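Undergrad: Just passing along the structure, written as structure tokens.
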Protein chains: 2
Amino acid sequence: MSRRRAVDYDCPVRDVLDRIGDAWSVLLIIELAKAPCRFNALRRVVDGISQRMLAVTLRNLERDGLVSRTVLDLSPPQVEYALTARGRSLHGTIGQLADWADSNQPAIRASRANYDAAHGAKR
Amino acid sequence: MSRRRAVDYDCPVRDVLDRIGDAWSVLLIIELAKAPCRFNALRRVVDGISQRMLAVTLRNLERDGLVSRTVLDLSPPQVEYALTARGRSLHGTIGQLADWADSNQPAIRASRANYDAAHGAKR
DNA sequence: TCCTATAGTTACTAATAGGAACCACTTAGG
DNA sequence: CCTAAGTGGTTCCTATTAGTAACTATAGGA
């Protein structure tokens, strides 16, 4: 994405898409919207995410103020992640997109199959 | 993204995000929403996009049935790209996201600056 | 003849997403 | 008391991919 920065639009949409464009952010937001959750609990529930990607993605979300990180003073110390108000509002907006995706996925899938058939799966 | 495919969610949201997650698709949809446009006209107006990325992105959008491609039988032949009905409906949904982005960008920018200051721009 | 425009394709590269393995600490079990 | 397993990460490396530069091919104008 840094190559994009060379052009350096300061377009707000780009900012948001840079964040939610990646696979894990959206999954984490959806998961955290259900309930606050700890690191390894997230790791288990998200399924397929590596420790590193979880750490990186959470840090980015925290940096954007979408997720809060709270260290609980227990032994062993635990860290709880939760959506902030801003995170919840984004979750709502993502819902809109999800609705669109749900209702259009069949058509898109069909369109792709059609296209691939017409232009040969080659290319 | 193919590593993601290893996990292979058949989540509709992922499909959509894989498409609009990249920089150019959204810009092209926004541009084509204004008016149908030809290849090099798009290239001039989008500013920063290379020929290849324009070709690749348009082909993906066409494959998903979001954009139509019409070869005009002129000399030299011209190709006109336009949003389909599905494309226009996605444009509407993107509008929702753009609104969210617009109203939250200042806060997000501030949050990032804050975070970077607190955790040191190092890391 | 050379330059522009049309609409791409091909060949290559730099950056990044992502996995594997490691770290440091604490509690529990045998 | 030594291993195992849980906590929450970090470091290192590479396969993939996004993106650029350069080429193709045709037509029209000066």
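The values are calculated or read from the model by the stated rules, or taken from the named source; none is laboratory data. Since the structure is predicted, the reported quantities are computational estimates derived from the model, not experimental observations. Note that we place each Cβ from the backbone using ideal geometry, even for glycine, and neighbour counts take in every protein chain shown.
Undergrad: Checking the structure you have, find out if any residue of the range A:53-76 is among the charged types (D, E, K, R), crowded, with 19+ Cβ neighbours inside 10 Å and within 16 Å of DNA strand D (Cβ to nearest atom).
TA: yes
Undergrad: When A:Val45 is evaluated against the numbered criteria (1) over 19 Å from B:Asp15 (Cβ atoms); (2) in contact (Cβ under 8 Å) with a residue 24 or more places away in the chain, which criterion, by number, is the only one it fails?
TA: Checking A:Val45 against (1) over 19 Å from B:Asp15 (Cβ atoms); (2) in contact (Cβ under 8 Å) with a residue 24 or more places away in the chain, the one that fails is (2).
Undergrad: Just checking: which of the helices (runs of 4 or more DSSP H) contained wholly in the range A:8-119 hold 1 or more residues that are away from chain B (no Cβ under 14 Å)?
TA: A:23-34, A:39-46, A:51-63
Undergrad: Can we say B:Ala6 is at pLDDT below 80 and within 11 Å of the chain's Cα centre (by Cα)?
TA: no
Undergrad: For residues that are at negative phi and charged (D, E, K, R), scanning just the range A:36-52, find the one that is surrounded by the fewest Cβ atoms within 10 Å (Cβ to Cβ).
TA: The extreme case among them is A:Arg52.
Undergrad: In the range A:77-100, how many residues are away from DNA strand C (no atom under 16 Å from the Cβ) and surrounded by fewer than 17 Cβ atoms within 10 Å (Cβ to Cβ)?
TA: 9
Undergrad: To continue, here is another question. Which condition does A:Ala113 not pass, out of (1) under 26 Å from B:Arg59 (Cβ atoms); (2) within 16 Å of DNA strand D (Cβ to nearest atom), if it passes all the others?
TA: With respect to (1) under 26 Å from B:Arg59 (Cβ atoms); (2) within 16 Å of DNA strand D (Cβ to nearest atom), A:Ala113 is out only on (2).
Undergrad: Within the range A:77-109, how many residues turn out to be farther than 24 Å from B:Pro12 by Cβ and away from DNA strand D (no atom under 12 Å from the Cβ)?
TA: 4
Undergrad: Here's a follow-up. Find the residue count for the range B:45-60, including only residues that are away from DNA strand C (no atom under 12 Å from the Cβ) and touching a helix residue (DSSP H, G or I) at 6+ places or on another chain (Cβ under 7 Å).
TA: Number satisfying all stated conditions: 2.
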